[in-house]
Amino acid sequence: MKKKKIYQVFNTACDAYLEYVNNFITKERFTEFFELDELEVDRLFSAAKDAKENNLPYISIDYYFQKMNNRKYSEKKIHW
């Protein structure tokens, strides 16, 4: 079975994390319930941890999540 990406289920990473905080006890149950990719869920929790460590609001989870997901991406051609 193919696992879903966070953005296939939720509008933002912040929405995904708040859904976990408000409705689930374990990360494993959250992942299983929405059939999410475990790597993306780990990145989500890491992003939430970074936001908490820097005393930032929940919405900053999106920034850290995108940063982790795109760290290996590089533009091959500049588009004008």
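Here, each number is a calculation from the coordinates, and none is a lab measurement. Just so you know, these numbers come straight off a predicted model, no measurement behind them. We place every Cβ from the backbone using ideal geometry, glycine too, and count neighbours over all the protein chains shown.
Below are the figures for this structure:
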{"item": "Selection within the stretch 14-51 - in a loop (DSSP other than H, G, I, E, B) and acidic (D, E)", "result": "E35, D37"}
{"item": "Residue identified as surrounded by 10 or more Cβ atoms within 10 Å (Cβ to Cβ), touching a residue at least 12 places away in the same chain (Cβ under 8 Å) and over 21 Å from K3 (Cα atoms) among A16, A51, A47", "result": "A51"}
{"item": "Output for the stretch 1-13, where each listed residue is under 10 Å from the mean Cα position of the chain (by Cα), free of Cβ contacts under 8 Å to residues at least 12 places away in the same chain and not in a helix (DSSP H, G or I)", "result": "F10"}
{"item": "Residue tally, condition surrounded by 13 or more Cβ atoms within 10 Å (Cβ to Cβ) and not basic (K, R), over the stretch 1-13", "result": "6"}
